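Participant: This is the structure I want to talk about, given as structure tokens.
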Amino acid sequence: MSVIFVTGGAGYIGAHMCKLLAQAGHIPVTLDNLSTGRAAAVRFGPFEQLDLTDAGALSDAFARHKPEAVLHFAAFSQVGEAMAEPGKYWRNNVLGALTLIEAMLGAGCKQLVFSSTCAIYGEQDGVTLDEQSAQAPLNAYGASKRAIEDMLRDFAASHGLRSVVFRYFNVAGADPEAEIGEAHDPETHLVPVVLQAVAGLRPEMQIHGTDYDTPDGTCIRDYVHVMDLARAHLLGLDWLQAGRESRVFNLGTGQGYSVGEVLARAEAVTGVPVPARFGPRRAGDATRLVSGSTRARTELGWEAQATLDDMIRDAWRWHLRLHGNAPPR
Ligand code: UFG
């Protein structure tokens with residue numbers, strides 16, 4: 001049993017992680033400023049409400065809990081917002097990570113699992129992406145994550161900080177037991193937006209761009225279930241606790257779906273047509289982001305198990321739980 005700090009533990013992915021950590025016998029301590037997270041999602045261990053740029057509060061939390069490792073999820077993560085307000089992303093994501101790393105080193109904690117993103121790859125001409133693919137982020141969100149990856153390399157060299165970096169593809173779905181799920185406000189991610197439209201909580205959803213160079217003209221993404229993702233983090237912790245060297249892993253399924261295909265699967269799973277209209281491209285979106293990597297499978301022993309239908313079904317169950325049984329229109 002280990003004490004593990006989970007930054008952003010009140011957020012979507014962090015809360016699922018805390019549930020899995022608790023099930024695996026660890027003590028997940030959530031560090032979250034509740035700027036986007038929800039206190040109600042912190043149910044699986046202690047809660048420290050603090051901002052990661054507050055060095056004093058951080059070192060105090062490290063001194064009291066003495067964590068063995070840190071899982072760092074806390075970050076702003078919306079592409080549209082990052083295009084409009086890049087300063088918010090550079091300040092919060094990069095300064096938060098730097099302050100966290102310095103607090104870790106001050107406390108002698110040298111194991112970090114970091115949430116990076118496929119958004120660091122940018123536009124890549126239809127190829128599938130592996131960990132060596134060129135990096136060319138199209139937005140401040142991806143750029144801020146790439147900067148933190150650089151930072152980790154520097155602190156590995158100078159202080160022996162060891163990290164597992166996970167570059168997530170598009171995370172979707174919810175706890176199959178519907179205890180926790182995705183609840184951003186405002187919601188911008190495709191699957192929950194589609195389900196809100198299905199439930200009549202928004203009049204319609206907008207398809208951002210239909211003139212991409214893909215079979216149906218809409219963007220292609222690689223969707224991965226949040227619980228599959230959380231399982232990878234347990235393996236990442238094992239990797240670090242076994243004393244292994246820093247490593248970067250893509251986390252995706254290798255299967256791409258267009259926005260149009262996601263809508264079709266949502267209609268099939270919910271049995272309700274998705275009210276949708278075609279809109280312009282969203283700035284900062286790449287045409288196609290699909291993981292071609294086998295590294296996580298061969299080295300970590302991780303493979304995504306859930307299908308896109310599983311993700312939509314679990315997200316729908318959570319949606320119904322959160323909003324009541326909103327009758328499909
Ligand atoms: N989309 C729509 N309409 C919507 C919402 C999204 O058409 O209302 C489209 C987007 O344009 C994109 C796809 O659906 O083509 C997925 O969009 P999301 O906003 O759900 O997610 P992103 O592809 O922007 O994902 C990026 C990074 C991920 C990261 C995520 C976090 O690639 O690594 O942002 O926001 F996790």
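Only the coordinates and a few stated rules stand behind these numbers; no lab work does. Bear in mind that the values here come from a model prediction, so they are computed numbers and not experimental data. Reconstructed Cβ throughout: ideal geometry from the backbone, glycine too, with neighbour counts over all protein chains shown.
Participant: So what is the relative contact order of the chain, in percent, for Cα pairs below 8 Å that sit 6 or more residues apart? Write out the running numbers ahead of the final one.
Facilitator: Working: 678 pairs, mean separation 62.6, N = 329.
This gives 19 percent for the chain.
Participant: Now for a different question. Take every Cα pair under 8 Å in the stretch 68-126 that's 6+ residues apart, average their separations, divide by the length, and report that relative contact order as a whole percent. Walk me through the numbers on the way to the answer.
Facilitator: Numbers: 30 pairs, mean separation 32.4, N = 59.
Once normalised by length, the contact order is 55 percent.
Participant: Another question about this same structure. Can you tell me the 0 to 90 degree angle between the C-alpha axis of helix 259-270 and the longest principal axis of the chain, rounded to 10?
Facilitator: Approximately 80 degrees, to the nearest ten.
Participant: Please give, to one decimal in nm, the separation of the simple spin-label points placed at Gln132 and Ala40, each 7 Å out from Cα toward the Cβ.
Facilitator: Computed distance between label sites Gln132 and Ala40 equals 4.8 nm.
Participant: Using a Gaussian network model on the chain with a 10 Å cutoff between Cα atoms, which of Leu195, Leu105, Leu52 fluctuates the most?
Facilitator: Leu105
Participant: Which percent, nearest 5, of DSSP beta bridges in the chain are antiparallel?
Facilitator: Approximately 5 percent, going by the DSSP bridge assignments.
Participant: Please determine, in degrees from 0 to 90 and to the nearest 10, the orientation of helix 55-65 with respect to the longest principal axis defined by the Cα atoms of the chain, where the helix direction is its Cα long axis.
Facilitator: The helix 55-65 is inclined about 80 degrees to the chain.
Participant: For the pair Lys88 and Ala55, how long in nm is the line joining their label points, each one 7 Å along Cα→Cβ?
Facilitator: Reported label-point gap for Lys88 and Ala55 is 2.7 nm.
Participant: Let me ask something additional. For the stretch 1-116, what does the relative contact order come out to in percent, with C-alpha contacts under 8 Å and a separation of six or more?
Facilitator: Worked out over the stretch 1-116, it gives 28 percent.
Participant: Which shape class applies to the stretch 97-227: rounded if a/c is under 1.5, otherwise prolate when a/b exceeds b/c and oblate if not, where a ≥ b ≥ c are the square roots of the Cα gyration tensor eigenvalues?
Facilitator: In terms of gyration-tensor shape, oblate.
Participant: Among DSSP beta bridges lying fully in the stretch 48-178, give the percent that are antiparallel, nearest 5.
Facilitator: 0
Participant: Determine the shape class of the stretch 201-329: with a ≥ b ≥ c the square roots of the Cα gyration tensor eigenvalues, call it rounded for a/c under 1.5, and otherwise prolate if a/b is greater than b/c, oblate otherwise.
Facilitator: In terms of gyration-tensor shape, oblate.
Participant: Related question: Give the lysines whose C-alpha is closer than 19 Å to that of Lys66, dropping any in the same chain fewer than 8 places away, or say none.
Facilitator: Lys66 reaches Lys110.
Participant: In a shell of Cβ-Cβ distance under 13 Å around Asp211, excluding Asp211 itself, what net charge do Lys and Arg (+1) and Asp and Glu (-1) give?
Facilitator: -1
Participant: Classify the chain as rounded, prolate or oblate, taking a ≥ b ≥ c as the square roots of the eigenvalues of its Cα gyration tensor: rounded when a/c is under 1.5, otherwise prolate if a/b is larger than b/c and oblate if not.
Facilitator: prolate
Participant: By a straight-distance test (C-alpha under 17 Å), which lysines pair with Lys145 as possible cross-link partners, with residues fewer than eight away in the same chain excluded?
Facilitator: Within the straight-line limit of under 17 Å, Lys145 reaches these lysines: Lys88.
Participant: Please report the Cα spread of the stretch 1-148 along all three principal axes, rounded to whole Å, starting with the longest.
Facilitator: Largest to smallest, the principal-axis extents are 47, 31, 30 Å.
Participant: Would you work out which of Phe73, Ala156, Leu31 lies farthest towards the positive end of the dipole of the chain, given +1 charges on the beta-carbon of Lys and Arg and -1 on that of Asp and Glu, about the Cα centre?
Facilitator: Sorting the options by dipole projection puts first Leu31.
Participant: In the chain, with Lys and Arg counted as +1 and Asp and Glu as -1 at Cβ, which of these residues, Leu58, Val165, Ser291, has the Cα nearest the positive end of the dipole, that is, farthest along it?
Facilitator: The listed residue farthest towards the positive side: Leu58.
Participant: What is the distance in Å between the Cα centres of the stretch 89-162 and the stretch 217-293?
Facilitator: Computed from Cα coordinates, the inter-centre distance equals 19 Å.
Participant: Lys and Arg at +1, Asp and Glu at -1: add these up for the other residues within a Cβ distance under 12 Å of Phe114 and post the number.
Facilitator: Net of charged neighbours comes to +4.
Participant: Just order 87-96, 16-25, 110-119 by mean Cβ neighbour count inside 10 Å, highest at the front, would you?
Facilitator: Descending mean neighbour count gives 110-119, 16-25, 87-96.
Participant: By the scheme Lys and Arg +1, Asp and Glu -1, what is the net charge of all other residues having a beta-carbon under 10 Å from that of Asp125?
Facilitator: Neighbourhood net charge equals -1.
Participant: I would also like to ask the following. Enter the angle in degrees (range 0 to 90, nearest 10) between the Cα long axis of helix 226-241 and the first principal axis of the Cα atoms of the chain, meaning the one along which they spread out most.
Facilitator: The answer is roughly 20 degrees.
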